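Enquirer: Input: one structure, supplied below.
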Amino acid sequence: MLSTLGNPTFRHLFTAQVVALVGTGLATVALGLLAWQLAGDTAGAVLGTALAIKMVAYVTLAPVAAAIAERLPRRAFLVAMDLIRAGVIAFLPFVDQVWQVYVLIFSLQAASAGFTPAFQAVIPDVLKDEGDYTNALSLLRLAEDLEQFASPMLAAALLTVVSFPALFAGTVAGFVASALLVVTARLPGRAAAEPGHFWADVTKGIRIYAATPRLRGLMVMEAAVAAAGAMVLVNTVVLVQARLGLGEESVALAFAGFGAGSMLAAFLLPRILGRLQDRPVMIGGAALMVAGVAMVPLVANLVALIALWAVIGFGFSLTQTPIGRIINRSAREADRGAVFAAQFALSHACWLVTYPLAGRIGAGAGLSAAALTLAVIGAAGLSAVWHLWPADDRTILPHDHPELPPDHPHLAEHGPHHAHAVVIDDLHRRWPKAA
């Protein structure tokens, strides 16, 4: 896995992701404690609403940002998004009203909605070999888990000597360092795409997504992931401080348990995916998450909570790490950025539902009721995957093109009845049936 870091461009991008996510992890802990300071026992509801606002930014702005990014130099776009995020975070320590948190969260995540899909689309252009790309996905998953493991541990240590608003300074430093590392990376050029209308480019990724069976199944699977993940991210601070009666450092340790489980899965995934297909691995991970959330009412102490969060984190990584492989197999190089943006927007639409649901049910009916409701939602999404994502998920499909003239270059190259790797594009607007 570490051999992938021998590629200097990927090494710079990976390091940029690490330092940005360490800072983001500090902000995650600090934001939860800020919500507790402003709202007390209803912190879960406040944090759930803030995270729902984050999802609104992701869902509405990611496809627009992808269309803009296609028209700008990659490096300049990524650096600009990093610097905007740093500037927004710098204001968070000074808020004293809940509405101010909401405004800043929307601004921060608007920039993230541009940065993340653009960053994801660069990696397969840097690493063409599927084995190297799989290793890179696992390494990037490990980097993201620093937000749930190393950063909260660092936050717990820092909270013994500073108050939580100081954690936001670490986030600013992380985004600035990320921008500097992107500046020094030699990014590959973007594949040429057919010129198109701006709003057609905005919807292009979603259209490809909706027409590809494996991506439709992936979309439904995200409902199970979002249901379990919302319980962890929204209600951990309330579980620890209200139900268990523990302090700020224990909140960080609970988040670290989730991150530890996810990191273990990411470390094992290159070997697992060398033996198994993506579909059963991802379905198994989603099932693990749903089962874990259903057990939340049984949690009676911090050790049990950390162990359960580690199980859910393990399942989370099994479902999320292979997504890049699925998208890479489902889109042309020129369309990859749009499809990554569609994945980003559509998957977070699930979080848009489950984040406020987790907070409101937890605050109104109790944490056990919230956990069981989210487990039911996750189970329903998981069962639908079996119908939408075919078990026989072949890439090379036999098909024909009765709509094309006999002298069309595509037919001249492949013949009237042919088979090749199929993705949705101008010649394949619908998923083909066997000829």
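Read-outs: derived from the displayed coordinates by stated rules, not from any lab. Treat the numbers as computed from the prediction; the structure is a model and nothing was measured. Every residue, glycine as well, gets a Cβ built from its backbone with ideal geometry; the counts of neighbours run over all protein chains shown.
Enquirer: To the nearest µm²/s, what D does Stokes-Einstein give for the stretch 370-427 at 37 °C and 0.692 mPa s, using the Kirkwood radius over alpha carbon pairs as Rh?
Expert: Numbers: Rh = 14.8 Å.
Taking Rh from Cα pairs, D becomes 222 µm²/s.
Enquirer: Considering the Cα positions of the chain, please state its Rg to one decimal place and its Dmax as a whole number of Å.
Expert: Taking only Cα atoms of the chain, I get Rg and Dmax of 21.7, 75 Å.
Enquirer: Another question, if that's okay. What does the helix-only formula give at 222 nm for the chain: each DSSP H stretch with n ≥ 4 adding -39500 (n - 2.57), the total divided by the residues, and the result rounded to the nearest 500 deg cm²/dmol?
Expert: Numbers: 16 runs with 316 residues, N = 435.
Helix-only estimate at 222 nm: -25000 deg cm²/dmol.
Enquirer: Ordered by residue, what ³J(HN,Hα) values in Hz, to whole numbers, does the stretch 249-260 give under the Karplus form 6.51 cos²θ - 1.76 cosθ + 1.60, where θ = phi - 60° and Gly and Pro are x?
Expert: Along the stretch 249-260, the couplings run 5, 5, 4, 4, 5, 5, 4, 5, x, 4, x, 5 Hz.
Enquirer: Moving on. Stretched out fully, how many nm does the piece from A210 to Q97 gain, at 0.36 nm a residue minus the Cα gap? Show your work: numbers first, answer last.
Expert: Numbers: separation 113, 0.36 × 113 = 40.68 nm, distance 4.05 nm.
Gain in length upon complete extension: 36.6 nm.
Enquirer: Also: Which three lengths, in whole Å and largest first, does the stretch 311-378 cover when its Cα atoms are put on their principal axes?
Expert: Cα extents, longest axis first: 48, 23, 15 Å.
Enquirer: Under the Karplus relation 6.51 cos²θ - 1.76 cosθ + 1.60, θ = phi - 60°, what is the ordered set of whole-Hz ³J(HN,Hα) values for the stretch 68-82, x standing for Gly and Pro?
Expert: Per-residue couplings from phi come out as 5, 4, 5, 9, 10, x, 4, 4, 4, 5, 5, 5, 4, 5, 4 Hz.
Enquirer: Right, here's the next one. Can you tell me the 0 to 90 degree angle between the C-alpha axis of helix 198-211 and the longest principal axis of the chain, rounded to 10?
Expert: Result, in degrees: 90.
Enquirer: Around H418, which amide H atoms from residues at least 5 apart in sequence, or from another chain, sit under 5 Å from its own amide H, with H modelled in the peptide plane?
Expert: Result for H418 returns H399.
Enquirer: Output needed: percent of Cα pairs per 10 Å distance bin for the stretch 65-122, bins running from 0 to the one holding the longest distance.
Expert: 23, 47, 22, 8
Enquirer: Find the Rg to Rh ratio for the stretch 300-340, where Rh is the Kirkwood radius over alpha-carbon pairs and Rg uses the same atoms. Numbers along the way, then the final one.
Expert: Working: Rg = 16.5 Å, Rh = 12.4 Å.
Computed over Cα atoms, the ratio is 1.33.
Enquirer: In square nanometres, what is the average projected area of the Cα convex hull of the stretch 250-333?
Expert: 6.3 nm²
Enquirer: Could you give me the percent of Cα pairs per 10 Å distance bin for the stretch 313-435, shortest bin first, beginning at zero and ending with the bin that holds the maximum distance?
Expert: Going out from 0 Å in 10 Å bins, the stretch 313-435 shows 10, 29, 28, 17, 10, 4, 1 percent.
Enquirer: For W36, W309, what's the fewest-to-most ordering of other Cβ within 10 Å of each Cβ?
Expert: Working: W36 22, W309 29.
Ordered by Cβ neighbours within 10 Å, fewest first: W36, W309.
Enquirer: Here's something else I'd like to know. When the expected Rg is taken as 2.2 N^0.38 Å, what fraction or multiple of it is the alpha-carbon Rg of the stretch 21-103? If you can, show how the numbers build up before the last one.
Expert: Values: Rg = 14.9 Å, N = 83, 2.2 N^0.38 = 11.8 Å.
Dividing the Cα radius of gyration by 2.2 N^0.38 Å gives 1.26.
Enquirer: Under a plain spin-label model, where a point goes 7 Å from the Cα along Cα-to-Cβ, how far apart in nm are T60 and A419?
Expert: Between T60 and A419, the label points sit 4.7 nm apart.
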